[in-house]
Amino acid sequence: MRRLHLRSIWLGALGALSLVGAAHADSVSAKLNSLETEARQIGTDLPQPQLTTAANQRKLVDAVVQYHLGNYSQSALALFDIVGAKTLVGPELEQASFYLAESLYQKGDRGAARGYYTALTAPTAASGKYYQASLIRLIEIAIHQKADAADELAALDHSGASTPQVPYIKGKYAFANDKFDDAINYFNQVPKGSTYELEALYFTATANVAKKDLPHATQLFNDLSTRHPKTANDRRVIELSQVALGRLYYEQDQFGKSIDSYLLVDRKSDLFSDSLYEVAWVYVKNKQFDKALRALELLSESDPASVKTPTVKLLEGNLRIRKAQMIRQAEITGTLDAGAKVPPETEYDKASALFAELHATYAPAYEALAAIVDGKADPTPYVLQIAGRSTSSFSAVSPLPDIAAQWLREQPDVERYASVESDLGEIQSNIDEAEATVTRLEAVLAAKDKSNLYPALSQRRNRIGQMQDDLIKVRSQLADDELRLIDSNGELSQLSGNRKTLVAQYLNLGDPEKAFQDRVTKNHADFDAIDTATGEVSQAMDQAKAMAVAIRKFAVDSPSTGDHAMPTDQRTNIATTLDQVAQESVSIDAELESIRKELALGRDLSSSGDDTIIEARGLRKQVKDALDAEHRVLAGFAGSSRDSGKSRSLAGLGDQAARISQSLDQTTAQIDAIVDRNVTQTNALLVQERATIAELRVELTDVEAEAKLAGSTVVAASFATVKEKLYDVVIRADVGTVDVSWAEKSDTDDDLKRFGLNRSREIKQLTDEFKDIIDGGIKKPSAPKKVEDMPKPSGDPAISPDKGGGSGNRVAPVGDQSKKPVDPKVKPDANKKDPKKDPKKGTP
């Protein structure tokens, strides 16, 4: 009974173990099935990142989108690469060339655009999609450059179907050549309701103005000003018509209608400032000085940076002088409005403040340009400042005042030259950026591990690594289970021991892919910290540069004579110190730039793999090889196993795991092959790009030298022109200040004259009223006797009269006279006449 009981317990335990083994086998089988399915998916449709025509097609689409968004520079740069690479053919190449020409045209580079338009209008391209549009653009360029476009017009006539733009461009060409009747005929052919209807109508009205047919032109402009715009271009045409209508009414002395037309321009329009300026002159012509002043004040607030600002301020100051004189005249004549409480002195003060502000604003700009022009200094550094190509803020010269720089930008020649310099600077920046990108790519491609170069492939490879980790654990467990069912011999024991050792080493590494991603994250955080510190250093350098510019300007502007003069040795010391600091600044900037490049390269390399992940992948391959070798031997012992069924089941699972692992290895090899192929192509492309960059640098150097040579004379002349304009503003401001003082002096003189006249008038009136009293009470003194009529003194002149003089009547000295007063012989009022008894007026 006891044996039976023990046997039943043993059988029960074996049954339980078999159930557990079966459950475990089912779990492993399910996991392997899942891994096998995923392995097939990973190996299917592997991404093929390569430089193909499809990539340029996407770049073409992106460039066209940039063009329609108004980013013409970015569009042109992208299309330059596409057209220059010559990887596109047929309609796609035609589209890329046309949009490249359009981008250049919209940027204002009509010379470069003309070449691409000309290529699109070759006889072989007459059937092209952009043939007619390119001809029209060539005619527009000819209009702008005042060139002949007879060939383009003839080609346009033979180009087939006519669009509304064809008669419109013909009318523009005729208008540009002063053939106004032909232009009007062409513009009348533009269909109603088309995109060019309003533009054609505007040119028709302008042609009538040129023909002196003002009533018809006024009628057309009136029609345009009442239209409802459908597009932004229509709105622009309507606003131009409103301004033109105001000018026409002004020429016809219809000031009220002129003002109404100008005030129709929307405040958001770029023509609003022009309309305000012109309507102010209409108010002045109409003697509405208050409204003119309000228009000028609104103009100053709406567009303070306008080149018209000094003219506006001068006009406002003169109007305030005129207004003060009118107020004073109204006060004198008694016609001043009771509600007007502004005294003339207030307007004079405002005018003085305006003229003083003008002088303070524009005098420094004039002095700066005068120092450059009169000193015959090289204007190139200042043009680089205007174009934004200054290499360092630690400049050896003081920067131009903003006013001078702005006025120089408004000069057509300087604007053209600065635009060229700006484009050259942008090209240089793009070349530098391209070279830096090539350097970074070369460094990444030279790294040991290239598996992370392509993110789409890298994600699949990382997943393969995780699956291989799971397979290693599953296969190792299956091998251990098989070893328990057989008696291993020497070879199998050696293989099993080797496998266990390698698996233990591999498992101690943890998850290699996750550990690698953690290292990448930490490295990026460290790089970010360094980048932040670099930014702080760069910010401190910017502050130092600003202080250096201010100190240099202060030293230059300080007087050399007078009480506040800066000593010569101090001025020299400042210049020397700043020159030394400038050299150190260049060195520091170079080091900062080098650090930034190393940071960018470090980030790239940190994501491309390291020795640890390479070592982990190598160890994983050794583990797989060890598992494969052990599995082959274990499969041969399945028949002699203590449980052959279970051994065969475990061997079957091992075969499946080995197949999955092999499949993943094949996928990994495919990924590596794709990466290697693309790396080879990329290296070849980088070699070409290096050569292209070198050619571009040589060409850029030549173009910069030509631009500098061609622009130096023009820029110097423009500097002199702007200097004269600023001088005119400063002198007119000073004259305005003198005018205010002279007007106040004239008012004071007039007041004195008026007070003098009033005093004379009042004195005369009083004299007339009291004439009788004055004439009756005051006798006119008799005329003095002549010297020869006076009696000669008697006696001896040698004897003093106070001594008797021989006459016997000695005059007593003052001290000898009696102090007793002598009684008056005549009463005080005895001689006073009674006016009532005045014989001249008669007796009452």
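Which entries of LYS448/LYS624; LYS170/LYS211; LYS230/LYS285; LYS285/LYS308; LYS287/LYS308 have Cα-Cα distances beyond 25 Å here? In this structure, LYS230/LYS285 lie more than 25 Å apart at Cα.
Based on every Cα atom in the stretch 437-479, Rg and the maximum pairwise Cα distance Dmax equal 15.7, 51 Å. Positive end of the dipole of the stretch 484-548 (Cβ unit charges, origin at the Cα centre): among PHE516, ASN498, GLN539, the Cα lying farthest that way belongs to ASN498.
Summing +1 for each Lys or Arg and -1 for each Asp or Glu among the other residues whose beta-carbon sits under 13 angstrom from that of GLU695 gives -2. Averaged over residues, the count of other Cβ atoms within 10 Å places the peptides 451-462, 566-577 in the sequence 451-462, 566-577, highest first. Only aspartates and glutamates eight or more places from LYS59 in sequence, or on another chain, were considered; those with a Cα closer than 17 Å are ASP81, GLU92, GLU94, GLU102. Dimensions of the stretch 228-317 from C-alpha coordinates, computed as largest minus smallest value along each principal axis and given longest first, are 42, 32, 16 Å.
Taking the Cα centre of the stretch 52-180 as origin and assigning +1 to Lys and Arg Cβ atoms and -1 to Asp and Glu Cβ atoms, the resulting dipole is close to 140 debye. Taking Cα centre as origin and charging only the Cβ of basic (Lys, Arg, +1) and acidic (Asp, Glu, -1) residues, the dipole magnitude of the stretch 465-547 rounds to 140 debye. Label separation (ALA30 vs ALA434): 5.9 nm, computed from points 7 Å beyond Cα along the C-beta direction. P(r) tail, the stretch 696-738: Cα-Cα pairs separated by more than 16 Å, 58% of all pairs.
Just so you know, the Rg over Rh for the stretch 468-555 is 1.60, from Cα atoms, with Rh as the Kirkwood radius. Here the mean projected area of the convex hull built on the C-alpha positions of the stretch 168-286 is 7.2 nm².
The numbers here are math on the coordinates, done by the rules we state, and not lab data. None of these values were measured; they are calculated from a predicted model. Please note: Cβ atoms are built from the backbone with ideal geometry, for glycine as well, and neighbour counts cover all protein chains shown.
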